[in-house]
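Engineer: The following block contains the structure, expressed as structure tokens.
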Amino acid sequence: MFTHIAYNNEILSGKPHILGTRLSIEFILELFASGATKAEVLKAYPQLTAEAVEEALRYAAQFSETTKRVLNKNADLYKRLS
């Protein structure tokens, strides 16, 4: 599903990152959040490809939706148990 995303406990303490780099998904999101464009990110980090950056954004979006569902499910469970 994600061919550019890697996990390795030896790299960035296991944070998801772009395969073959030490650039975490979190870092890439922070670049965009600070106002960087895709062109600026690719110019600043030539080891990245456009496909890898796009996949990082898709990964983050999917992770965010999964996290939201889990938190909502657990919130419902917590309410029922309280």
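Every read-out reported here was derived from the displayed coordinates using simple, explicitly stated rules and does not represent laboratory data. What you see is a predicted model, and the numbers here were worked out from it, not measured in a lab. Note that each Cβ is placed from the backbone with ideal geometry, even for glycine, and that neighbours are counted across all protein chains shown.
Engineer: Being among the small types (Gly, Ala, Ser), out of contact with any Pro (no Cβ under 9 Å at 6 or more places or on another chain), in a helix (DSSP H, G or I) and surrounded by 11 or more Cβ atoms within 10 Å (Cβ to Cβ) is the filter here; which residues of segment 30-59 pass it?
Structural biologist: Across segment 30-59, the qualifying residues are Ala50, Ala52.
Engineer: Looking only at segment 15-29, how many residues end up being part of a helix (DSSP H, G or I) and free of Cβ contacts under 8 Å to residues at least 12 places away in the same chain?
Structural biologist: The number of residues fulfilling the criteria is 2.
Engineer: I need a count of the residues in segment 1-14 that are touching a helix residue (DSSP H, G or I) at 6+ places or on another chain (Cβ under 7 Å) and assigned to a helix (DSSP H, G or I).
Structural biologist: So the answer is 0.
Engineer: Report yes if some residue within segment 21-29 is under 15 Å from the mean Cα position of the chain (by Cα) and surrounded by fewer than 13 Cβ atoms within 10 Å (Cβ to Cβ); otherwise report no.
Structural biologist: Yes: segment 21-29 contains one or more residues that are under 15 Å from the mean Cα position of the chain (by Cα) and surrounded by fewer than 13 Cβ atoms within 10 Å (Cβ to Cβ).
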